[in-house]
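Visitor: Here's a structure for you.
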Amino acid sequence: MGFDPSRFAGPVAAELQCGLCGRVLEEPLSTPCGHVFCAGCLLPWAARRRRCPLRCRPLAAAELRPVLPLRSLVQELEVKCDYSPRGCGRTVRLRELPAHLAACRYGPPGPAEPQPPAGLPSGRSPGNKKSSWRFSSSAWGCVLHRIMFYKCNAPFFHWKAGDS
Ligand SMILES: [Zn+2]
Ligand SMILES: [Zn+2]
Ligand SMILES: [Zn+2]
């Protein structure tokens, strides 16, 4: 199954589209007769029908060859960020998309992001969080705890929103 053409920033040449799924070629494979389809589209077809999808000639899966220049051409095309519905206006080359998605500030928060109230802005190591947060066994600890909690509350949420 190829890439959705609507994800690309501009129109995609017909030569870069797969005749089986009608999308933009993903891992292009060529038949011995020179026709190119996505690997994910052509391999099951070849195993089942044992013919080129354009009915040119019989073929075996072992005769199919990756078309690396076409693959690089597709990888150089500009695509919109996956998070464009969330507000990201960036377009990047397809080959750079995974790196952009990992860093995109419009992406959903990752599972590693600290959750309140564990994620104090003090930068303590995760192993220390619980013990440093629960020091209210003495009276002094309780006061300190209240001051910290009062002081940290607003900046903490502010920091969360600005950092994501
Ligand atoms: Zn396809
Ligand atoms: Zn053919
Ligand atoms: Zn983005």
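Visitor: Across the stretch 1-14, which residue is farthest from ligand 2 (Cβ to nearest atom) among those that are surrounded by fewer than 20 Cβ atoms within 10 Å (Cβ to Cβ) and free of Cβ contacts under 8 Å to residues at least 40 places away in the same chain?
Guide: Once the filter is applied, the top-ranked residue is Ser6.
Visitor: Looking at the structure I just gave you, is Cys56 within 16 Å of ligand 2 (Cβ to nearest atom), surrounded by 12 or more Cβ atoms within 10 Å (Cβ to Cβ) and either outside the structural domain of Gly10 (by TED's automatic domain parsing) or closer than 18 Å to Val12 by Cα (or both)?
Guide: no
Visitor: While we're on this one: So Gly89 fits all but one of (1) within 16 Å of ligand 3 (Cβ to nearest atom); (2) farther than 16 Å from Gly2 by Cα; (3) crowded, with 18+ Cβ neighbours inside 10 Å; what number is the exception?
Guide: Result: Gly89 fails condition (3) only.
Visitor: Give me the residue from the stretch 1-57 that is aromatic (Phe, Trp, Tyr) and within 11 Å of ligand 1 (Cβ to nearest atom) and, out of that set, farthest from Gly89 (Cα to Cα).
Guide: Trp45
Visitor: Can Cys33 be described as touching a residue at least 24 places away in the same chain (Cβ under 8 Å), within 16 Å of ligand 2 (Cβ to nearest atom), more than 15 Å from Gly2 (Cα to Cα) and not hydroxyl-bearing (Ser, Thr, Tyr)?
Guide: Working: touching a residue at least 24 places away in the same chain (Cβ under 8 Å): yes; within 16 Å of ligand 2 (Cβ to nearest atom): yes; more than 15 Å from Gly2 (Cα to Cα): yes; not hydroxyl-bearing (Ser, Thr, Tyr): yes.
Criteria met by Cys33.
Visitor: If you don't mind, another one. Out of the stretch 74-94, which residues are farther than 17 Å from Val12 by Cβ and over 13 Å from the mean Cα position of the chain (by Cα)?
Guide: Pro85, Arg86, Gly87, Cys88, Gly89, Arg90, listed by residue number.
Visitor: Here is a follow-up. Being surrounded by fewer than 17 Cβ atoms within 10 Å (Cβ to Cβ) and touching a Cys at 6+ places or on another chain (Cβ under 7 Å): is that true of Cys38 here?
Guide: Answer is no for this residue.
Visitor: Still on this structure, I have one more. Looking at Arg49, Arg105 in this structure, which one is touching a residue at least 40 places away in the same chain (Cβ under 8 Å), farther than 20 Å from Asp4 by Cα and of a type outside the set (Ser, Thr, Tyr)? It would help to see each step written out before you state the result.
Guide: On the way: Arg49 fails: touching a residue at least 40 places away in the same chain (Cβ under 8 Å).
Checking each option against the conditions leaves just Arg105.
Visitor: Specify the residue that is surrounded by the most Cβ atoms within 10 Å (Cβ to Cβ); the eligible residues are those in the stretch 65-86 that are within 30 Å of Gly34 (Cβ to Cβ) and of a type in the set (D, E, K, R).
Guide: Once the filter is applied, the top-ranked residue is Arg71.
The values are calculated or read from the model by the stated rules, or taken from the named source; none is laboratory data. Computed from a predicted model, the values in this text were never measured in an experiment. Positions of Cβ are generated from backbone atoms using ideal geometry, with glycine treated the same way; all protein chains shown enter the neighbour counts.
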